[in-house]
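Structure, as structure tokens:
The values are calculated or read from the model by the stated rules, or taken from the named source; none is laboratory data. Please read all numbers here as calculations on a predicted model, not as lab measurements. As a convention, Cβ positions derive from the backbone with ideal geometry for all residues, glycine included, and neighbour counts pool all protein chains shown.
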Amino acid sequence: MKNIPKVAILGNPNCGKTAIFNLLTGLNQKVSNYPGITVEKKVANVSLEKGTLFSLEDYPGTYSLISQSIDEKIVSDNIYTWIREPDSKPDAIIYVADVNNIRRNLYFCTQLLELDIPTILLLNMSDILIDENKFDYIKLKEELNILNVIPFSAATHLGVNALKNVLSDLFDNPTHVINSKMKINNNLLTNMQPLIKIVESVFHVKDDFKNNMSLRFICNPKHIKNISLNEADKNILNKGIDDSVDSVNDDMKILLPTLESDLRYGWIDQILMSCSFKKIKVIERKTKSEKIDDVLTHPWIGPLIFVGILYFIFQSIFSWASIPMDFIDSMVSSFGNQVSNIMPDGLLRDLLVDGIIAGIGGIVIFLPQILLLMFFMTILEDTGYMTRATFMMDKFMRTMGLHGKSVLPIMSGYACAIPGIISTRTIDSWKERLITILILPLISCSARLPVYVLMIGTFIPETYLFNFIGLQGFVMVVMYFLGTITAFILAKIFSHFLSESSNPSFIMELPDYRVPIIKSVIRQVLNKGKLFLVDAGKIIMIISIILWFLVSFPKDSSGNVDIKESYAGNIGQVIEPIIKPLGFDWKIGIALITSFAAREVVVSTLSTIYNIDDDGEGMVNLKEAMLNDMNPETGQNTYTPLIAISLMVFYVYAAQCMATFAVVKSETNGWKWPIFMMVYMTLLAYGMSFIVFQVGRIIGFV
Amino acid sequence: MKNLYNMRQNQVGNVTGIDSRLNSKIRLAEMGVMQGVDIRLIKKTPMGGPVEIKINNYYLTLRKEDAMLIYLDILES
């Protein structure tokens, strides 16, 4: 197969790279106004009008080649690979710059130009270019000696055709380019000679590129550690740095750390001056965003508004989502009944109705809640509000051993821990990032919701406390609260005992407020819903089938099965002694085992158990089945409100999610932290559940 | 000469020096926070929380301990 051309999209965070990626690919991918939304590179194939196909890669936003966080390191790693293996270089770079902030955007751009890759500079947001930021962009193209500079707007589609034409010309006539590069004065070059020679031999780079790269290493020797190189190369580079630094006089040494920035910005300012760019003054005039922030990040009104927004979100999730949830519930059971009417009696029908439909139905039902939460989160991110919440919450989060940037992961955690854990990559301090990952699974995710809904709906009476607080809603809030409070307390404890490295800075850009593009928001939400259904659906499908087998066999001589004597029933009875102090019987025991892979499976498991146990046709109502379940020995109810609460508390804490475990392993590079997480959560779940059930019995609850 | 954290809200200062003990001095320099640049203090969060500044044309957050290591001459408007 012929290799198709490769184009990389690079630029600072918040400059609209992902929106441009979406515009060109039509692929529904996350666009956001929150730094670090693209935490991995995304790839898609794009075809131009003439039929030329090329592959487009979207990278996380970065301010510099010197990476501070994991998402930035992804970019820096890729670029160093391009340097060392020129064959892997993209055929072109689309560098996206916020036109109203051109000076800072050019910093990373000029670092990239040194690779001599054909570069197209897109001046994004040209539709909202402020008069005082105007400059001569044709002159800028000459000064940088790059392929093209195009005024662009992802919002109004300005410049899209121009960009496509430039790309198609480039693919037709590949050209070798030499971009402009920063020049270093001779005195400094003489001092850096030992290092320059080594850089030349390690990276096979020439001229200004090798000089500027050497300068970067001298300014920031730690940068070497972050590059994927073999130890021998790292050692000779470090030696070169030491030799060169020794030859620099003492006055100069103090200036070294920021020397690249000083020289580079000096050069950028020169270029901008020749493009008749007015020298930037701090604008005294209040911008619209500042006026909005007078209220939204006000020292005490701001946090109140944030709490109000959170309250509104959760309130609407529980009230609005109940309508589609009831609808889905009745759809699933009538579908199950129809299938059992149509199909002939037999194993296949049992598998379909009691196994698969009951299992899948248990998960589809809480899709509305997930979609709603995702919708609100996306709106908060796309407007730019999320960064403000991060800014306001930093002090509190830090007191609890976390980081301002832990706010977004924790809020995502109410939907699902996994996107939350992935988004911790923007936290540029390892200790706070690790703590955020470790406590995230304690936040009650949407997979716990069906457990809470089932237990509360079945066992907690619909009465009112003090005549106005619904008891059912109150118990639900307590469960969410329990997980959240424990997460913060444990974060504080972990922060006390962990001795991982920590970065005490909190440097974050607050982007201007933007009106979210509704079409893009809806696409993102639907995509996430689809992803959730497919991912969770796969696990549930497999477990449902295995479980159906375990509860349906062995059959006795007349072809019937006593569920207690089935394979699953036997397993449940084996573990019953361990879980009895928590109030659980063997049926819950089976559910605990199956839901080890994913919490929401508990509902489908119980549903399958009761469906098999039921001799009649069609589907049983799980609530009624559990309420009417009598212990044959005592003649009393098998399940009581106290057992229901004990079970919910267990699910607040238990580490029952294989997918989370796998993600924690890959994000922390090893088994240590996922195992630690699993152990502490399981102990916590058993301990808390034990206390609830035993204390509850002593003080006389049933 | 004042440090950034001691500035009043909406005061503008010209950076005269950055203490070499500042942890993220390289990242800040890459983002344009360096000698000679003008900075406006937009707001402080309560109880010693982070501050928001305006530099060039954009807004940046900094924690108190970093802000205290950036020295400026106040520009009277």
| For A:Val407, which of the numbered conditions (1) in contact (Cβ under 8 Å) with a residue 40 or more places away in the chain; (2) away from chain B (no Cβ under 11 Å); (3) surrounded by fewer than 24 Cβ atoms within 10 Å (Cβ to Cβ) fails to hold? | (1)
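Can you list the helices (runs of 4 or more DSSP H) lying wholly within segment A:349-427 that have 2 or more residues being modelled with pLDDT of 80 or more? Explain how you work it out, then say what you get.
Working: elements: A:358-364, A:367-383, A:385-399, A:407-413, A:417-423.
Because the criterion is at least 2 residues that are modelled with pLDDT of 80 or more, the helices (runs of 4 or more DSSP H) in segment A:349-427 that meet it are A:367-383, A:385-399, A:407-413, A:417-423.
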| field | Unique residue being loosely packed, with under 14 Cβ neighbours inside 10 Å and either more than 14 Å from chain B (Cβ to nearest Cβ) or not aromatic (Phe, Trp, Tyr) (or both) when the list is A:Val475, A:Val521, A:Val525, A:Val534 | value | A:Val534
| message | For segment A:140-150, check the following and say yes or no: at least one residue is of a type in the set (A, V, I, L, M, F, W, C), surrounded by 16 or more Cβ atoms within 10 Å (Cβ to Cβ) and within 14 Å of chain B (Cβ to nearest Cβ). | response | no
| Within segment A:151-167, is there a residue that is under 22 Å from A:Gln270 (Cα atoms) and not small (Gly, Ala, Ser)? | yes
| Within the bounds of segment A:34-49, is there any residue that is part of a strand (DSSP E or B), in contact with a Pro (Cβ under 8 Å, 6 or more places away or on another chain) and modelled with pLDDT of 75 or more? | no
| task | State all residues of segment A:236-255 that are surrounded by 17 or more Cβ atoms within 10 Å (Cβ to Cβ) and either touching a Ser or Thr at 6+ places or on another chain (Cβ under 7 Å) or within 11 Å of chain B (Cβ to nearest Cβ) (or both); if no residue qualifies, say none. | result | none
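Consider A:Val451 carefully, then state whether it is within 30 Å of the chain's Cα centre (by Cα), more than 26 Å from A:Pro419 (Cα to Cα) and touching a residue at least 24 places away in the same chain (Cβ under 8 Å).
Values: within 30 Å of the chain's Cα centre (by Cα): yes; more than 26 Å from A:Pro419 (Cα to Cα): no; touching a residue at least 24 places away in the same chain (Cβ under 8 Å): yes.
The answer is no for A:Val451.
Just to be sure, is A:Leu263 assigned to a helix (DSSP H, G or I) and under 30 Å from the mean Cα position of the chain (by Cα)?
Numbers: assigned to a helix (DSSP H, G or I): yes; under 30 Å from the mean Cα position of the chain (by Cα): no.
No: the conditions fail for A:Leu263.
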| request: Out of the residues in segment A:389-412 that are among the aliphatic types (A, V, I, L, M) and within 14 Å of A:Ser423 (Cβ to Cβ), state the one that is nearest to the chain's Cα centre (by Cα). | output: A:Leu408
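For the condition assigned to a helix (DSSP H, G or I), away from chain B (no Cβ under 14 Å) and either closer than 30 Å to A:Phe481 by Cα or of a type in the set (D, E, K, R) (or both), what is the one hit in A:Ser334, A:Ser340, A:Ser330, A:Ser316? Walk me through how you get there before you give the answer.
Working: A:Ser334 fails: either closer than 30 Å to A:Phe481 by Cα or of a type in the set (D, E, K, R) (or both); A:Ser340 fails: either closer than 30 Å to A:Phe481 by Cα or of a type in the set (D, E, K, R) (or both); A:Ser330 fails: either closer than 30 Å to A:Phe481 by Cα or of a type in the set (D, E, K, R) (or both).
When all the criteria are applied, what remains is A:Ser316.
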| field | Candidate set from segment A:302-319 (those that are at pLDDT 80 or above and surrounded by 13 or more Cβ atoms within 10 Å (Cβ to Cβ)); member that is farthest from A:Thr387 (Cα to Cα) | value | A:Ile313
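So that you can scan it fast, the table gives a plain yes or no per residue for (1) touching an Asp or Glu at 6+ places or on another chain (Cβ under 6 Å); (2) at positive phi; (3) surrounded by fewer than 17 Cβ atoms within 10 Å (Cβ to Cβ):
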{"position": "B:Met7", "(1), (2), (3)": "no, no, no"}
{"position": "B:Asn10", "(1), (2), (3)": "no, yes, yes"}
{"position": "B:Leu28", "(1), (2), (3)": "no, no, no"}
{"position": "B:Val33", "(1), (2), (3)": "no, no, no"}
{"position": "B:Lys44", "(1), (2), (3)": "no, no, no"}
{"position": "B:Gly48", "(1), (2), (3)": "no, yes, yes"}
{"position": "B:Ile53", "(1), (2), (3)": "no, no, no"}
{"position": "B:Asp73", "(1), (2), (3)": "no, no, yes"}
| note | A:Ser289 meets each of (1) without any contact (Cβ under 8 Å) to a residue 60 or more places away in the chain; (2) over 16 Å from B:Glu30 (Cα atoms); (3) in a helix (DSSP H, G or I) with one exception, condition (1)
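Let's see how each residue does on (1) out of contact with any Leu (no Cβ under 7 Å at 6 or more places or on another chain); (2) closer than 11 Å to A:Leu582 by Cβ; (3) modelled with pLDDT of 95 or more:
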{"position": "A:Met630", "(1), (2), (3)": "yes, no, no"}
{"position": "A:Tyr639", "(1), (2), (3)": "yes, no, no"}
{"position": "A:Thr668", "(1), (2), (3)": "no, no, no"}
{"position": "A:Phe676", "(1), (2), (3)": "yes, no, yes"}
| field | Count of residues meeting criterion [touching a Lys or Arg at 6+ places or on another chain (Cβ under 8 Å) and within 9 Å of another protein chain (Cβ to nearest Cβ)] in segment B:14-43 | value | 7
| field | Unmet criterion (only one of (1) in contact (Cβ under 8 Å) with a residue 60 or more places away in the chain; (2) within 7 Å of another protein chain (Cβ to nearest Cβ)) for B:Met1 | value | (2)
| Out of (1) more than 14 Å from chain B (Cβ to nearest Cβ); (2) under 26 Å from A:Phe376 (Cβ atoms), what's the single condition that is false for A:Gly569? | (2)
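Conditions tested, residue by residue: (1) within 14 Å of another protein chain (Cβ to nearest Cβ); (2) within 38 Å of the chain's Cα centre (by Cα); (3) over 23 Å from A:Asp116 (Cβ atoms); (4) part of a helix (DSSP H, G or I).
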{"position": "A:Ser168", "(1), (2), (3), (4)": "no, yes, no, yes"}
{"position": "A:Val177", "(1), (2), (3), (4)": "no, yes, no, no"}
{"position": "A:Lys181", "(1), (2), (3), (4)": "no, yes, no, no"}
{"position": "A:Leu189", "(1), (2), (3), (4)": "no, no, no, yes"}
{"position": "A:Val199", "(1), (2), (3), (4)": "no, yes, no, yes"}
{"position": "A:Phe217", "(1), (2), (3), (4)": "yes, yes, no, yes"}
{"position": "A:Leu229", "(1), (2), (3), (4)": "no, yes, no, no"}
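Does at least one position in segment A:78-96 carry a residue that is within 12 Å of chain B (Cβ to nearest Cβ), under 28 Å from the mean Cα position of the chain (by Cα) and either surrounded by 23 or more Cβ atoms within 10 Å (Cβ to Cβ) or small (Gly, Ala, Ser) (or both)?
No: zero hits.
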